[in-house]
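Trainee: One structure, as structure tokens, below. Some questions next.
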Amino acid sequence: MRMTMRMVLGSPGFTALTEKFTQRSGTARGTDELVQTLNYYLCDVLEEMLIFGGDILKFAGDAVLVLWRTRPQELAKTISLVLQCSQQIQAKYGSRDTHMGQKMRLKIGISAGPMSLLLVGDRRQKYFFICGKVLSEVCEAERLANAGEVILSASSWELCEQHRLRTQHLAGKRAVKVMGMVQMSRSECQETLRKLVQHPVSHGLEKEGAVRPAFFRSPPNVEEVPREYVPETALRKFDDRVPLDLFSELRPVTSLLVQLQVAADMDTEALHTILNNASRMMLEVLHPHQGKINKILLFDKGCMFLCVFGLSGEKLLYESIHALQSAIQIFNSCSALLGEKEAVSVAVTSGTVFCGVIGHPGRHEYTVIGQKVNLAARMMVQYPGLVSCDAVTYAASRLPPYCFKELPAREMKGISCPDTIYQYMGIAKRSMFGMGLAKERSEYVPLLGREKELDLFASCLKAYKDLGRRHILAFEGTMGSGKSHLLTELAYLGQAAGHRVVAMELLEVDMRQSFSALGALTARALDLQECESCRARQRELRTKLRGTIEESSYCLLNDVLLVKAIGRDFGIFVIDNAHFIHPASWSIMSPVLQNVSFFMVTSLAPGYARTESFCKAAAANRTSQKIIYLHLDELKPSAVVQKVCQDLGVVSIPRDLARFLLQRSSGIPYYCEELLRCLRCKDTLLFRTRRRGEKAEDNWESLITAAVETSALAATSSSSAGNDGRVCIVRPDVNLENTVLPTALKGTNPLLGKIFDLPLTQL
């Protein structure tokens, strides 16, 4: 039988430490500083473990799981070796000050005994972890330890060289606290190290030990990478020969944490079956949503699966909805697998986290770490047996309120002021009557650079008003091109002109529910939002549709509007993301709209305007006399500079910043916003009051003269809003031409890798 040894290190108050870094330096910079501090600390500690023959098996935030492989007859000596390692680590690194004024301290738990290595997953991705009684014992020993202490589990105490140790028994516990020991001689340590069970593959370390091989090249040879055990995001970086020190980045993601409570006495075979089935199911659920299982941990909180949405190269629109839908599917499937819902807990959070390499150069892993991951772990414990989400995920999903239930506030360890936590209930069929609410127009963010589009809308609106002409005006544009902002402005202009406007925004989830988009649109057009019951909707529909369509056609609306049976001027329909309307919906709209006057304004993602799902279906609809398509071009340089001044609340920006943003954003508003966000997170931009008589620096080329004049006028008119003649400058020690800015948008568009990741000199 193989005998093993495990050690867990943890920094007490890690969640509180994370929050302190975040509060002091902001979410992005604070997370980066925390990881750098933690990595420097871990490198020193893990180096000692590797020297003493330990194999770093798992990282879990502030905890590290270490393994020693030994034979039964050498177990007592191995425990002494590990204790000597622990004493040395506590003496050298047991306490370290951070620049935040808070100490990082270690506590160590040790256990010994047989354990099993389990492999789970499918052909695409595999994961490993260990299980056995020794696992629960080492977790308990670590929990019993205070900062600076080393605790031996009961089994370790029984098997160790007790004559070497000075111990203190813990009240009511069989575990003991190690107060001191007679040190092993150098020759004893070397002999014990020599007898540790060697891994069959040469590990390449210049010392003896029982560790797995590690990659020391930067980047390593692609052929050496065990691809099935490495996250896809990291594999892409391996394949691109990215150096390990450039693997890491700060990026906004959505974290999904799943906890499965399994019986403590479950045998290894049954546990392996359950976790293998659960992991395979999760991989199937996550795959279409571009979600990934980052790690699987069998720890003191049960078995935990950390899933991440939005990693580099895997960013999707409406990420929060993808995560929530995955969460409810995983919750239901795992509940059925375990036979009870109380055994499954799922937490979803959204925010900026560190995504990258953590650990020692010889032992590291690609993971995510940050305040939002910590929050998910706390939520999972405090709100068991349900799917919970934080306020950021709730707001970003844009789902109707009755898809959620506000949960009672509970104290969470290390979280000083948690926001409201919600239970996600899932999207029911009745949800269609509350989905797709339009955005409100902001008076403080005027539309820039879209004069051609506004003129086209005005001419179409005049034809609709004067001639009653029915037609569809479709704007096509890439993500971030400002489609939603444009449609919000057009809806406002339509209302200002005295027309009834039915505005709504569709989401990808609408494509997964039969006639969801059509039902929401028709219900809003017929004022059925407040009709809760089927009978009330039927009465209202009979009144509103009398004389519009034949009664024999009412049955076509049964499934659409959730009725059992079932004004001529509908006004202006404004539909954002109309490509999420199912093609069959257009044919069903025909009986309703063929005798009414309407004007429809839509936005489409690239490629949909000419596809059967929109163009042919809409054109075949006899209600559409005319369909006008217009592609949204990138903003002109003058509009980009004007937008930057508007977003920053300044009257002037420097020429190097203008050049940087113009070239990197390609004139796409959202990319420009993301670039500004990243620059501000890195404290690259400084602000000061404009001096009397100072000339705006950005009036440096005729290309953007108009923008400067316009933005200066806008700044003058809005001085009461707080800009007061402020100017923006770039920090003197920053060279924007060589700036690399990781962003949430990487991987969503082939162009973005160039826009965001390469220095300007390479463009």
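The values are calculated or read from the model by the stated rules, or taken from the named source; none is laboratory data. A quick note: this is a predicted structure, and the numbers were derived from the prediction, not measured. Note that each Cβ is placed from the backbone with ideal geometry, even for glycine, and that neighbours are counted across all protein chains shown.
Trainee: Only one of D455, D419 is modelled with pLDDT of 90 or more and among the acidic types (D, E). Can you tell me which?
Mentor: Selected residue: D455, the only one of D455, D419 that is modelled with pLDDT of 90 or more and among the acidic types (D, E).
Trainee: Just need a number here: residues in region 646-676 that are hydrophobic (A, V, I, L, M, F, W, C) and within 24 Å of the chain's Cα centre (by Cα).
Mentor: Filtering region 646-676 down to residues hydrophobic (A, V, I, L, M, F, W, C) leaves 648, 650-651, 653, 657-658, 660-662, 668, 672, 675-676.
Checking the rest, the ones that are also within 24 Å of the chain's Cα centre (by Cα) come to 668, 672, 675-676.
The number of residues fulfilling the criteria is 4.
Trainee: Looking at region 73-93, can you tell me whether even one residue there is assigned to a strand (DSSP E or B), over 26 Å from N374 (Cα atoms) and small (G, A, S)? First the steps, then the outcome.
Mentor: In the first step, residues of region 73-93 are kept if they are assigned to a strand (DSSP E or B); the result is none.
Within region 73-93 (the criterion being assigned to a strand (DSSP E or B), over 26 Å from N374 (Cα atoms) and small (G, A, S)), the answer is no, since none of the residues qualifies.
Residue-wise test of (1) outside the structural domain of I56 (by TED's automatic domain parsing); (2) over 30 Å from D44 (Cβ atoms); (3) not charged (D, E, K, R).
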site	(1), (2), (3)
L338	yes, yes, yes
V344	yes, yes, yes
R363	yes, no, no
Q371	yes, no, yes
N374	yes, no, yes
Y383	yes, yes, yes
A391	yes, yes, yes
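Trainee: If you go through region 166-192, how many residues are in contact with a Leu (Cβ under 7 Å, 6 or more places away or on another chain) and either buried (at least 16 other Cβ atoms within 10 Å of the Cβ) or modelled with pLDDT under 50 (or both)? Step through it out loud before you land on a result.
Mentor: So the first thing to find is which residues in region 166-192 are in contact with a Leu (Cβ under 7 Å, 6 or more places away or on another chain), and the list is 170, 173, 175-178, 181, 184, 189, 192.
Now restrict to residues that are either buried (at least 16 other Cβ atoms within 10 Å of the Cβ) or modelled with pLDDT under 50 (or both): 175-178, 181, 184, 189, 192.
Total meeting the criteria: 8.
Trainee: How many residues are under 17 Å from the mean Cα position of the chain (by Cα) and surrounded by fewer than 22 Cβ atoms within 10 Å (Cβ to Cβ) if we restrict to region 326-350?
Mentor: Residues meeting the conditions: 1.
Trainee: How many residues does region 373-394 contain that are modelled with pLDDT under 90 and either surrounded by fewer than 21 Cβ atoms within 10 Å (Cβ to Cβ) or more than 24 Å from V35 (Cβ to Cβ) (or both)?
Mentor: Selection size over region 373-394: 1.
Trainee: Looking for something hydroxyl-bearing (S, T, Y) and at pLDDT below 75 - is there at least one such residue anywhere in region 491-510? Spell out the reasoning first.
Mentor: First pass over region 491-510, keeping only residues hydroxyl-bearing (S, T, Y): 492.
Checking the rest, the ones that are also at pLDDT below 75 come to none.
Scanning region 491-510, I find no residue that is hydroxyl-bearing (S, T, Y) and at pLDDT below 75, so the answer is no.
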